[in-house]
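Student: This is the structure, below, for whatever I ask next.
Since every read-out is calculated from the coordinates, none of them should be taken as a lab result. From a predicted model like this one, the values you see are computed outputs, not experimental measurements. Here Cβ is always computed from backbone atoms with ideal geometry, including for glycine, and neighbour counts include all displayed protein chains.
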Amino acid sequence: MFEPISLAERLRRESHRISALILNSDLPWIDIEIQIGAMRDMCETEAPEKAELFDAIYTSRFYRLKEQWRGDNE
């Protein structure tokens, strides 16, 4: 039988997926922001007390990747 995947593991997988979109696709930034918002909603729904931590870790990471790999022109 399958065990449910923990929130931490799902966030890790989503983080890798979104990072890959930033680095390896030409998807418009607005579409990536929608993906980030969906990931944040998942976190807020299952662990609302972790929302600030989410922003500190993941949101800043995604924007840092955007600046480094896509520049500020989007």
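Student: Restricting attention to segment 45-72, report how many residues are closer than 21 Å to ALA20 by Cβ and assigned to a loop (DSSP other than H, G, I, E, B).
Tutor: Result for segment 45-72: 3.
Student: On the basis of being assigned to a helix (DSSP H, G or I), more than 18 Å from ILE5 (Cβ to Cβ), touching a residue at least 12 places away in the same chain (Cβ under 8 Å) and in contact with a Leu (Cβ under 6 Å, 6 or more places away or on another chain), does ILE36 make the cut?
Tutor: So ILE36 fails the test.
Student: Would you check if ARG12 is under 11 Å from the mean Cα position of the chain (by Cα) and of a type outside the set (Ser, Thr, Tyr)?
Tutor: Criteria met by ARG12.
Student: Then there is this: If you take the residues in segment 46-57 that are under 18 Å from ILE34 (Cα atoms) and in contact with a helix residue (DSSP H, G or I) (Cβ under 6 Å, 6 or more places away or on another chain), which one is surrounded by the fewest Cβ atoms within 10 Å (Cβ to Cβ)?
Tutor: Ranking the qualifying residues of segment 46-57, first place goes to ALA51.
Student: Is segment 13-31 home to any residue that is loosely packed, with under 10 Cβ neighbours inside 10 Å and either outside any helix (DSSP H, G or I) or of a type in the set (A, V, I, L, M) (or both)?
Tutor: The answer is yes, given that some residue of segment 13-31 is loosely packed, with under 10 Cβ neighbours inside 10 Å and either outside any helix (DSSP H, G or I) or of a type in the set (A, V, I, L, M) (or both).
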